[in-house]
Amino acid sequence: MVYLVKSNFITISILLVSFLFSPSHMLQSVALPKENWSLVLYGGIFTTTDLIPIVFRQKTDYRESYIGTIGVSRPLDYRIRWFDFFWETNVTKHFGEMNHGETNAFYIVKINRVFDSPISFSLGEGMSLATENPKLENKAKGFYFDSGIQRDAIQSRALLNYMMVEVSSYLPFERKTEIFIRVHHRSGIFGLYCPPDPNCGSNFVSYGFRTMF
């Protein structure tokens, strides 16, 4: 599982570096009319399950902690082959077992309208800043009925890496609005932001929509 997570992180890092430093003949310029700004709204529920089992096995163990998020996104003016690039920034409010704020800013790589269908796949990478150290991202040593023995304490941080995985679909009757399922993921990246093993962070399985202004 650690290998898969590292591979995903390395893959998106390579894509972002390629986007920033690729020679101009590899990039295709696209027009950016003002209406390409989009409003993003979604809500989600906390899960103790790691990112990989959520994405590949659809396994989730939920807690009574929720988020409500509002943000804006816009496409960047380049694309590489079948990859479109966007940026998004959003503000998140936690409620339930946690009650703090959070802001996220990140780049998105999107495979848009796969095989001319309304379905798209996206991967986002950036930064996440909470107004406090999120309670559920920390865990003391001990025995837990839901997860067994916790041999090492987990100590999170307010500032972590942000990553999102999303599957979206355009509405059939118009082309400006998408509904989506997104994993809203904060991560310490194996010790880069907080002590490694066990890794700090959190996941929220989220549902929402995005529509052009």
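The values are calculated or read from the model by the stated rules, or taken from the named source; none is laboratory data. The structure presented is a predicted model; accordingly, all values stated were derived computationally and were not measured. Cβ sites come from the backbone with ideal geometry, for glycine too, and all protein chains shown count toward neighbours. Surface accessibility is based on the protein's heavy atoms, side chains included, excluding ligands, DNA and RNA. Shrake-Rupley method; radii C 1.70, N 1.55, O 1.52, S 1.80 Å.
Data for the structure
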item	result
Residue-wise HN-Hα coupling along segment 112-122, computed from phi with Karplus coefficients 6.51, -1.76, 1.60 (Hz; x: Gly, Pro)	8, 6, 4, 6, 6, 8, x, 8, 10, 10, 9
Most to least accessible of D197, D84 (protein chains only, probe 1.4 Å)	D197, D84
Amide H partners (placed H, <5 Å) of L159, local residues excluded	A130
Cα principal axis extents for segment 146-213, largest first, Å	53, 27, 15
Coordinate range along principal axes, alpha carbons of segment 76-173, Å, largest first	51, 27, 27
Packing-based ranking, highest mean first, of 172-183, 88-99, 199-210 given that Cβ atoms within 10 Å are counted	199-210, 88-99, 172-183
